[in-house]
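**Q** This is the structure, below, for whatever I ask next.
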């Protein structure tokens, strides 16, 4: 989190505990734990100074946009997906007797079940 003091000092800290009206934090260069108390909606330091906090989740950084290359699949995959959509759920007899395996180069290959039966 980031702590901002009235004089403009900004200190980065790690929240150790956060309760409804008390925050304990550790900051670089501080030997003691920093304790802040909320009084009537205002966070106060141990030195009786009002402070504001900014937590990392409040920063609202937009995620990086994806490139076109990350959104476009290879033509071979697109062709297979589209032909699968056109084929629907209908399977012919030959298709029902096929199983698919991956070969070492990563391609998917159909094998007919009769080819698996030992002679």
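Each value in this text was obtained by applying a stated rule to the coordinates, not by laboratory testing. Quick caveat: nothing in here was measured; it's all calculated off a predicted structure. In this analysis, Cβ positions are derived from the backbone assuming ideal geometry, glycine residues included, and neighbour counts consider all displayed protein chains.
**Q** Run the numbers on the stretch 2-57 and let me know its relative contact order in percent, using alpha-carbon pairs under 8 Å that are six or more apart.
**A** Value for the stretch 2-57: 30 percent.
**Q** Moving on to the next point. Please give the FRET efficiency for residue 18 paired with residue 71, using the beta carbon to beta carbon distance and R0 = 41 Å, rounded to the nearest 0.05.
**A** 0.55
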